[in-house]
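Report on the structure given below.
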């Protein structure tokens, strides 16, 4: 398997980290004050190892962007990094919620941005590492989640509907009001299906339109974005 890390940073004398070549970054101190490095890729692709080695070289601290690793006790199947593997590099947004807690992208973005701010304030470089694209986008594009809040009564109603009629019955409702979202959400991801229907009910706008608009927002950070491609 060949691993390649490509990104948008300046290149000067590549060095090896985690067995792959990474371009050495050149940046001024003023750029470093607002820099955010992103290491993205699929599960078990070596992201965590790369993030740790890169952080040790550039004075970074890692913020996990994984929707499963935020939960305590869910180590199996999430490829959660161990204390030994962290090699002394501080990590954040891991084991911050119990499995029974409500944890969504809104909470993630709020807490992750605070960590970015704190890391930068101490003269370090935040390294956002994970495979949950919406979490990464929520931080790097500073997405606005204030358009609507949670309608718990409506969520309970839809949850009861699923329990009675099954996941596909609810998913077909989403296909009717927002077919674009239905293309990108698995029928078994009931939580996201409910959120999409809830957003449409509250605003009259498809959540796919909202997400597209927000994804086009400029980043508030000096981004150095890398994606691991495994062949």
FRET efficiency, residue 219 to residue 163 (Cβ-Cβ, R0 30 Å, nearest 0.05)
0.15
Here D for segment 152-207, in µm²/s, from Stokes-Einstein with a Kirkwood Rh over Cα pairs at 25 °C and 0.890 mPa s, works out to 224
Length gained if residue 118 through residue 83 is fully extended, taking 0.36 nm per residue and subtracting the Cα-Cα distance, is 10.5 nm
Distance from segment 178-231 to segment 33-101 (C-alpha centre basis), Å
22
Which of 223, 197 has the fewest Cβ neighbours within 10 Å, and the rest in rising order:
223, 197
For peptides 45-53, 128-136, sequence by mean Cβ density within 10 Å, most packed first:
45-53, 128-136
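Values quoted throughout were computed directly from the atomic coordinates according to the rules given, and no laboratory measurement underlies them. Values in this document were obtained by computation on a predicted structure and should not be read as measured data. Don't worry about glycine lacking a Cβ; one is built from the backbone with ideal geometry, like all the others, and counts go over all protein chains shown.
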